[in-house]
Amino acid sequence: MSAENTTTTLAGELFAPGVGTQAGPPTTPAAGTGTAGEATPGAHSHGGPAPTGSPAERFTSTDPEAFGAPTGREEEWRFTPMRRIRPLLDGAPSDAHLQWDTDLPDGVELTSVEADDPLLKGLPEPVDRLAALTRARSGGAAVVRVPAEARLDRPVTLRLSGTGAEEVVWGQLVVEVGAFAEATVVLDHAGLARYSGGVAVLVGDGAQVTLVAAQEWARGSVHGGQFDAVVGRDATFRQVVVTLGGDLVRLVSNVQYAGPGGTAELFGVYFADETQHQEHRLWVDHAVPNCTSNVLYKGALQGEDAHTVWIGDVRIRPTATGTSTYELNRNLVLTDGARADSVPNLEIETGEIVGAGHASATGRFDDEQLFYLCSRGIDAETARRLVVRGFFADVVQHIGIPELQDRLMGSIEARLGGLPGLDDQPVEPA
């Protein structure tokens with residue numbers, strides 16, 4: 001890939017006044033939002049006592065040292081196994097790279113920019129030390145550009161494969177989609193690696209973009225990442241995250257709107273096996289009027305010390321009248337010894353909204369569903385597979401690529417081979 005100088009970028013066009021380069025609220029108060037970490041009078045808040053790590057308290061910076069060295073006691077790191085992620089947080093420079101295999105439809109450009117390029121300076125800022133280290137160590141970024149009004153005949157596919165875990169790989173990807181274009185971008189992660197990657201998707205006005213990120217890393221892999229989306233006026237952004245592999249995967253997804261009428265849909269599926277840690281943190285910033293967001297993540301866990309974490313933060317600022325938002329997380333615990341943490345947070349600073357809500361549920365198999373299937377001649381193991389398949393299918397279908405959907409569902413079903421039989425695993429009501 002060759003470097004390319006750009007004088008006009010979507011980043012400059014997409015950021016609305018007052019949003020600037022922040023992936024979250026500024027560290028100084030935005031107009032009408034009160035002080036950082038303090039809601040305005042009459043604001044409505046769901047979540048734990050302050051400090052909660054909720055959006056109103058979020059700090060962003062491109063300087064890794066501004067965050068300090070995490071100890072594991074901080075709100076944003078308290079669920080993360082610090083020993084396992086320490087090789088990334090140490091931040092050692094590295095020239096290691098993942099292997100890239102690409103499939104680019106006609107009209108799509110893949111190039112690269114240097115670290116001082118105006119495009120990168122206009123991106124949403126890192127929200128934690130790891131993301132800041134990634135920005136600093138990557139030395140630039142790969143850039144995928146989809147022209148305005150394009151209608152691609154197939155998805156843009158980037159297959160990123162690790163070849164070893166001796167050195168940390170730092171990577172940055174920017175996806176620019178022009179106004180009124182329609183595009184699907186697939187990031188397919190596999191192999192063995194210690195990888196920290198940043199992904200920024202800039203969605204032009206009226207565009208429709210789907211980003212699919214699949215994590216099927218080999219055991220022993222560690223993956224940390226920040227996903228940012230800036231959604232233009234009347235644009236639609238859909239993100240589907242599927243996390244199945246790796247020893248530790250920690251992904252932070254952020255959405256902000258550059259104009260009214262934007263829609264963001266964030267879907268996720270994760271399946272943690274024995275000793276795996278999978279952590280997904282989401283933050284949606286409603287700062288402009290008449291925008292919509294919908295979040296649906298589903299996870300399953302099996303095996304001793306399997307651990308999943310889902311944190312969902314949504315902030316509706318005083319200026320975001322006409323907002324409609326909902327977030328839902330559901331977890332299915334398949335065996336003893338597994339743990340799922342789920343924390344939805346909702347900050348509402350205006351009463352002039354269409355609707356807002358959140359929900360979270362964690363439980364075991366529904367014994368009535370299993371009894372129903374078994375009473376109709378289906379053996380216990382097949383019944384379990386059917387229940388889990390149905391649990392995930394309504395999320396996976398949002399990928400919209402049949403062959404990829406089939407592959408990922410096949411990976412999920414292969415993991416179910418490790419489940420004990422019905423007689424060996426007591427079933428409790430959810």
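Here are some residues: 242, 288. Which one is at pLDDT 95 or above, under 19 Å from residue 187 (Cβ atoms) and of a type in the set (A, V, I, L, M, F, W, C)? From the options 242, 288, the qualifying one is 242.
Condition (residue is touching a helix residue (DSSP H, G or I) at 6+ places or on another chain (Cβ under 7 Å), within 30 Å of residue 403 (Cβ to Cβ) and modelled with pLDDT of 95 or more) applied to the stretch 110-133: is it met by at least one residue? Don't jump to the end; show me each part of the working.
Going through the stretch 110-133, the residues touching a helix residue (DSSP H, G or I) at 6+ places or on another chain (Cβ under 7 Å) turn out to be 113, 119, 122-123, 126, 128-130, 132-133.
When the remaining residues are screened for being within 30 Å of residue 403 (Cβ to Cβ), the result is none.
Within the stretch 110-133, not a single residue is touching a helix residue (DSSP H, G or I) at 6+ places or on another chain (Cβ under 7 Å), within 30 Å of residue 403 (Cβ to Cβ) and modelled with pLDDT of 95 or more.
Out of 380, 414, one residue alone is more than 12 Å from residue 242 (Cα to Cα), among the hydrophobic types (A, V, I, L, M, F, W, C), more than 19 Å from the chain's Cα centre (by Cα) and surrounded by 14 or more Cβ atoms within 10 Å (Cβ to Cβ). It is 380.
When each of 96, 142, 148, 131 is tested for being part of a loop (DSSP other than H, G, I, E, B), assigned by TED's automatic domain parsing to the domain that holds residue 227 and under 19 Å from residue 215 (Cβ atoms), the lone residue that passes is 96. In the set 261, 246, 224, 220, only one residue is outside any strand (DSSP E or B) and either surrounded by 24 or more Cβ atoms within 10 Å (Cβ to Cβ) or in contact with a helix residue (DSSP H, G or I) (Cβ under 8 Å, 6 or more places away or on another chain) (or both); that residue is 246.
Which residues, counting only those in the stretch 242-263, are under 12 Å from the mean Cα position of the chain (by Cα) and free of Cβ contacts under 8 Å to residues at least 40 places away in the same chain? Correct list: 243, 249, 251, 253, 255.
If we scan the stretch 278-285, do we find a residue that is free of Cβ contacts under 8 Å to residues at least 60 places away in the same chain, out of contact with any strand residue (DSSP E or B) (no Cβ under 9 Å at 6 or more places or on another chain) and farther than 19 Å from residue 80 by Cα? Can you show your working first?
Here is the first cut: in the stretch 278-285, the ones free of Cβ contacts under 8 Å to residues at least 60 places away in the same chain are 278, 280, 282, 284.
Filter once more, keeping what is out of contact with any strand residue (DSSP E or B) (no Cβ under 9 Å at 6 or more places or on another chain): none.
There is no residue in the stretch 278-285 that is free of Cβ contacts under 8 Å to residues at least 60 places away in the same chain, out of contact with any strand residue (DSSP E or B) (no Cβ under 9 Å at 6 or more places or on another chain) and farther than 19 Å from residue 80 by Cα.
Residues that are of a type outside the set (Phe, Trp, Tyr), part of a strand (DSSP E or B) and over 10 Å from the mean Cα position of the chain (by Cα) within the stretch 264-283 comprise 264, 265, 269, 272, 277, 278, listed in sequence order.
Just the residues that are within 21 Å of residue 62 (Cβ to Cβ) and not hydrophobic (A, V, I, L, M, F, W, C), please, taken from the stretch 180-232. Walk me through how you get there before you give the answer.
Applying the first criterion (within 21 Å of residue 62 (Cβ to Cβ)) to the stretch 180-232 yields 195-202, 224-230.
Residues satisfying the conditions are 195, 196, 197, 198, 224, 225, 226, 228.
Across the stretch 99-119, the qualifying residues are those that are of a type in the set (Asp, Glu) and touching a residue at least 40 places away in the same chain (Cβ under 8 Å), and the one among them that is surrounded by the most Cβ atoms within 10 Å (Cβ to Cβ) is 117.
Do we find a residue being among the aromatic types (Phe, Trp, Tyr) and buried (at least 21 other Cβ atoms within 10 Å of the Cβ) anywhere in the stretch 165-179?
Of all residues in the stretch 165-179, those among the aromatic types (Phe, Trp, Tyr) come to 170.
Next, from what is left, pick out any that are buried (at least 21 other Cβ atoms within 10 Å of the Cβ): 170.
Yes: the stretch 165-179 contains one or more residues that are among the aromatic types (Phe, Trp, Tyr) and buried (at least 21 other Cβ atoms within 10 Å of the Cβ).
Taking the criterion of being within 11 Å of residue 174 (Cβ to Cβ) and either of a type in the set (Val, Ile, Thr) or surrounded by fewer than 22 Cβ atoms within 10 Å (Cβ to Cβ) (or both), the only residue of the stretch 120-137 that qualifies is 122. Residue count for the stretch 324-358 under the criterion of being out of contact with any Gly (no Cβ under 6 Å at 6 or more places or on another chain), farther than 21 Å from residue 393 by Cβ and in a strand (DSSP E or B): the result is 11. Looking at 418, 322, 337, just one residue is farther than 25 Å from residue 267 by Cβ and at pLDDT 85 or above, and that residue is 337.
When the stretch 67-81 is filtered for residues that are surrounded by 14 or more Cβ atoms within 10 Å (Cβ to Cβ) and either over 25 Å from residue 276 (Cβ atoms) or of a type outside the set (Asp, Glu) (or both), the ones remaining, listed by number, are 67, 70, 77, 78, 79, 80, 81.
Rundown of residues vs (1) under 22 Å from residue 119 (Cα atoms); (2) in contact with a Lys or Arg (Cβ under 6 Å, 6 or more places away or on another chain); (3) basic (Lys, Arg); (4) touching a residue at least 60 places away in the same chain (Cβ under 8 Å), yes/no style:
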site	(1), (2), (3), (4)
150	yes, no, no, no
168	no, yes, no, yes
181	yes, no, no, no
185	yes, no, no, no
195	no, no, no, yes
204	yes, no, no, yes
213	no, no, no, no
221	no, no, no, no
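Scan the stretch 337-377 for residues that are within 20 Å of residue 294 (Cβ to Cβ) and in contact with a helix residue (DSSP H, G or I) (Cβ under 7 Å, 6 or more places away or on another chain) and jot them down. Passing the criteria: only 347. Assess whether residue 166 counts as being of a type in the set (Asp, Glu), in the same structural domain as residue 234 (by TED's automatic domain parsing) and either at pLDDT 95 or above or in a loop (DSSP other than H, G, I, E, B) (or both). No, not satisfied. Looking at the stretch 279-286, is at least one residue touching a helix residue (DSSP H, G or I) at 6+ places or on another chain (Cβ under 7 Å) and farther than 19 Å from residue 125 by Cβ? No: the stretch 279-286 contains no residue that is touching a helix residue (DSSP H, G or I) at 6+ places or on another chain (Cβ under 7 Å) and farther than 19 Å from residue 125 by Cβ.
The values are calculated or read from the model by the stated rules, or taken from the named source; none is laboratory data. All values derive from a computational prediction rather than experimental measurement. All Cβ positions, even for glycine, are placed from backbone atoms using ideal geometry, and neighbour counts span all protein chains on display.
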